[in-house]
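Contents: one structure, followed by commentary.
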Amino acid sequence: MAEFNHVHSVTEVPEGGDAKPSFHHGIFLEPQEKKRSMKALVVKQAKKTCSCTPAKVKDYVFSFFPVLQWLPKYNLREYLLGDIMSGVIVGVLLVPQSIAYSLLAGQEPIYGLYTSFFAGIIYFIFGTSRHISVGIFGVLCLMVGQVVDREIQRAGYDLEPAAPGVLMDAAAYLNTTISPTNQTLHKLLCDKSCYAITVGATMTFIAGVYQVAMGFFQVGFVSVYLSDSLLSGFVTGASFTILTSQAKYLLGLDIPRTSGIGSLISTWINIFRNIHKTNICDLITSFLCFLVLIPTKELNEYFKSRLKAPIPVELVVIVAATLASHFGKLKETYGSSVAGHIPTGFLPPHPPDWNLIPNVALDAIPIAIIGFAITVSLSEMFAKKHGYSVKANQEMYAIGFCNIIPSFFYCFTTSAALAKTLVKESTGCRTQMSGMVTSLVILLVLLVIAPLFYSLQKCVLAVITIVNLRGALRKFRDLPKMWHLSRVDTVIWLVTMAASAFISTEIGLLVGVCFSMLCVIFRTQRPEAPLLGWVAESETYESLSAYKNLQTKPGIVVFRFEAPLYYINKECFKSTLYKQTGVNPAWVKAAKKKAAKRMLKEKEVDSGSNQTNISVDFVSEPLEFHTIVIDCCAVQFLDTAGIRTLKEVCKDYGEIDVQVLLAQCNPSVRSSLVRGEFFKEGEDHLLFHSVHQAVDFALGAQGHCGTNASK
C-alpha cells in the first residue's frame, strides 16, 4: 500500500496484471483469490454430507432429538418445581380454551383436547425452546374452520349441528377403508362432525409436511417476508373474523357459517337478519360471563407481578356455567345450544384422507407459513430474553411433527401461542418438561372429566374465545406510537389488517406480503438523495438539508444516493442528480448548440455586431462547479442498468467539462464496475475510500490544472 499525504484513490489490480498509476499516489488493492467453482463446492459438500462416522451419527441423532441432550442433564431440585407449577397452570387454562377453539375450527370439543395433548408431548421431544407453549392458536383455528366448512358444503353435508352422541360410533368407522366412489356408504359411515375432523386432520398433515420440508431444505428465509407489523396486522384482522364467527353463539342464533371473500360482512348481515330469533337465555349467559371474565383478566394483568399464578377464571366460569346449565335444565327449557357428549379415552389412529389432499393442499400453505413463523419468532424472542440459543431449523421440524403425527389421531393444526407462552414463562417454567406436565393435565381431563362438560353452553365457549382476543384488538392503541416510529410500518399494518378482516384471512396475508414488498421497492425507487456539506475540522460530510453550519468546497458538488442503483430507480437517480446540481448536461449541450447556431446566423448578417459578442459570451459562460463526487456508501449493489446509468452520467458530464468521482464503494459495487467495464483505458475514472479523499483529489487536480494554465 502506497503512502501519500492528501490524495487517496483506489485502483484494483487484476491477478497477474500490473497497475498503471496516474499522476497522483494511489492505494492499490489486490483482490482475493477467486472461490472454487460451483462444481468443486458441490462435490465437497456432497462428500461432507454423505460421509458417515459414529460421531457424526451421534451428533445428528442428538440434534434431531434435543430431548436426548437436555433431559439427562435435568436438575430435579432446581427445575422440577417451576416446571410442575407452570405446566399445571397452563394446562388448567388450556382445557377451556381447547374446548372453545374447537368450535372455531369447526370441530367437536374432544378434538381440541386431543390436539393440545399431543402437541405438548411431541414438542417436548423435538423442540429446542424451553419456554414457548405449543398448542391451539386462534388464527390457525379460524383458517382451518373456513376450509372445513367449505369442504363440508362440497361434500353435500348440511350445515346443521351434528346430533350429539353419534361421534364415537361414527368416528370408529373411519378405521374401515371407504371407497372414494361410494359416496352413499361414506355418508352412512361418517356424519358431518366425523367428516369435519377428517378434513381438518388431512390439512394438518399437509401443513406439517410443508413445515418439515421447509426445515429440510432450509427455506426458513420465507419468514423474513412476514415482518412484525405484517404479522400483527394479520392477527388483528383475523381477530375481527374470529369475533364475527363467534357472535352467533353469543346470541344463540342457528345460522350457517359463511366463508370466502367478504365473509365478515355477510356474517353480520345474516346476524342482523335473524336477530329477532335471539335466544334470551344464551344472551344473558354471555353477558354474565363477560362481566366475570373481562374484569378478572384485567386484574390478572394489573397484578401479574404480585400474583404467583394467574387466577384460572376461565375454568371457574366453565365449571359454574356447566353446573348452572345442568341443574337449571337450560337446554330443555330454553333451547340453549350445549357442547353435547364429550367422550373419554382415545380413538384408534387413522391416516388422513388422501383423496382430500388435492382440495386442501393450497389452503395448507398459508397455515404452514403462519404456524412456523410465529413459532420461530416466539422461540427466538424468549431464548434471547433468557440467554440461551434455539435452532430455527429444528423448530421448523418440531412444529412440523407437531402437525404430522397428531393428524393420525384426529387433531388439527397447532403452533406456539403468545398468551399461553407468557403465562408459562411468568409461572416459573424452566425447561420443556413443563409442556409434558401440561399434557398430563389434559390427559386427566380426557380420561375422567370430559363427559362432565355435556351441559356446557356454547355461548360460554364463544365468550372465552372473544375475551382472549383482547391482546390483538388492543394493538389499535399502539397505532399513534407506531405512526411516530414508522409511517410505512403503520400503513402495512393497516392494509394487512383491513384485507384480512374484510376480504379473507388467506388473501389478507397475501395482500400484506405483496404490499410490504411494494413498500420496499417504492422506498428504493424514490430514495433520499441529498447534497452533502463538510463538517468543519473533520473529514466528515453530512446532508445539507438535515444539518446546519456545514460548508461546501468551491467548485465541488457532493451527492449521496441512499439506495441500490438498479433498473427500477435509474431514472430517479439521474433526475435527482440533475435537480440537486442544477445542471442537466443534455440541456447545457442543447443550449450551447442553439447559441452556436444563432451565432453563425448572426455572423452571416453582420459578423462584427455586438449581438454576436453576447452570444459568444453566453456559449463560453463557465459552470459553477467542475467536479461531482458521488457518495456510494448506501449503494448496496448495481445491476447492468445501474452500471450503464453511471457510464452515461460520467460521459454526459464529461462532455461539459465536469468530472465525476465515486467514493466509498463497497467491494460488491467495485466488482460490478470492473465487470461492467466502467474503467476504460486512458480515462482517469477513480474510486476513493472516502468523500474527503475524493474532494481533496478534485481540489488538487483543479489546482494543478490552474497552475499549468498560468504557465
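Observations on the structure shown:
- Selected residue (criterion: surrounded by the fewest Cβ atoms within 10 Å (Cβ to Cβ)) from residues of segment 562-584 that are closer than 16 Å to E648 by Cα and touching a residue at least 60 places away in the same chain (Cβ under 8 Å): Y567
- Restricting segment 355-372 to residues that are surrounded by fewer than 17 Cβ atoms within 10 Å (Cβ to Cβ) and in contact (Cβ under 8 Å) with a residue 12 or more places away in the chain, the residue that is farthest from Y123 (Cα to Cα) is N355.
- Qualifying residue in segment 314-333 (condition: assigned to a loop (DSSP other than H, G, I, E, B), assigned by the TED database to the domain that holds V90 and of a type in the set (A, V, I, L, M, F, W, C)): no
- Some residue of segment 80-90 being in contact (Cβ under 8 Å) with a residue 24 or more places away in the chain, outside any loop (DSSP other than H, G, I, E, B), closer than 30 Å to T505 by Cα and not polar (S, T, N, Q): yes
- Residue within segment 591-605 that is at pLDDT below 75, part of a helix (DSSP H, G or I) and open to solvent by 100 Å² or more (accessible area, probe 1.4 Å) present: yes
- Residues in segment 297-313 that are among the β-branched types (V, I, T) and outside any loop (DSSP other than H, G, I, E, B): 1 in all.
- Any hit, segment 574-587, residues being part of a helix (DSSP H, G or I) and over 30 Å from S668 (Cα atoms): yes
- Of all the residues in segment 641-666, those that are in a loop (DSSP other than H, G, I, E, B) and crowded, with 20+ Cβ neighbours inside 10 Å number 3.
- Here G340 clears all of (1) in a loop (DSSP other than H, G, I, E, B); (2) touching a strand residue (DSSP E or B) at 6+ places or on another chain (Cβ under 7 Å); (3) among the small types (G, A, S) except the condition numbered (2).
- Which numbered condition W483 fails, given (1) among the hydrophobic types (A, V, I, L, M, F, W, C); (2) free of Cβ contacts under 8 Å to residues at least 60 places away in the same chain; (3) not assigned by the TED database to the domain that holds S229: (3)
- Hits in segment 302-339 (condition: free of Cβ contacts under 8 Å to residues at least 60 places away in the same chain and crowded, with 20+ Cβ neighbours inside 10 Å): V313
- Here Q218 meets the list (1) modelled with pLDDT under 85; (2) in a helix (DSSP H, G or I); (3) open to solvent by 30 Å² or more (accessible area, probe 1.4 Å) almost entirely, failing just condition (2).
- Number of positions in segment 497-537 that are in a loop (DSSP other than H, G, I, E, B) and in contact with a strand residue (DSSP E or B) (Cβ under 7 Å, 6 or more places away or on another chain): 4
- The helices (runs of 4 or more DSSP H) found entirely in segment 452-496 that carry 1 or more residues being at pLDDT 85 or above are 458-467, 479-485.
- Residue in segment 538-550 that is in a loop (DSSP other than H, G, I, E, B) and in contact with a strand residue (DSSP E or B) (Cβ under 7 Å, 6 or more places away or on another chain) present: yes
- Put simply, of K48, K35, K44, K39 the only residue that is farther than 28 Å from T128 by Cα and at pLDDT below 70 is K35.
- Matching helices (runs of 4 or more DSSP H) fully within segment 115-208 where at least 2 residues are modelled with pLDDT under 50 and in contact with a helix residue (DSSP H, G or I) (Cβ under 9 Å, 6 or more places away or on another chain): 167-172, 183-189
- Residue in segment 254-266 that is in the same structural domain as Q457 (by the TED database) and in contact with a strand residue (DSSP E or B) (Cβ under 9 Å, 6 or more places away or on another chain) present: no
- If the condition is being open to solvent by 10 Å² or more (accessible area, probe 1.4 Å) and either within 28 Å of P351 (Cα to Cα) or outside any helix (DSSP H, G or I) (or both), then segment 411-430 contributes G428, R430.
- Restricting I271, I284, I275 to those that are open to solvent by less than 30 Å² (accessible area, probe 1.4 Å), without any contact (Cβ under 8 Å) to a residue 40 or more places away in the chain and over 30 Å from T490 (Cα atoms) reduces the list to I271.
The values are calculated or read from the model by the stated rules, or taken from the named source; none is laboratory data. All values reported here derive from a predicted model rather than from experimental measurement. Using ideal geometry, Cβ is built from the backbone for each residue, glycine included, and neighbour counts are taken over all protein chains shown. Note: areas computed on protein heavy atoms with side chains; ligands, DNA, RNA excluded. Shrake-Rupley method; radii C 1.70, N 1.55, O 1.52, S 1.80 Å.
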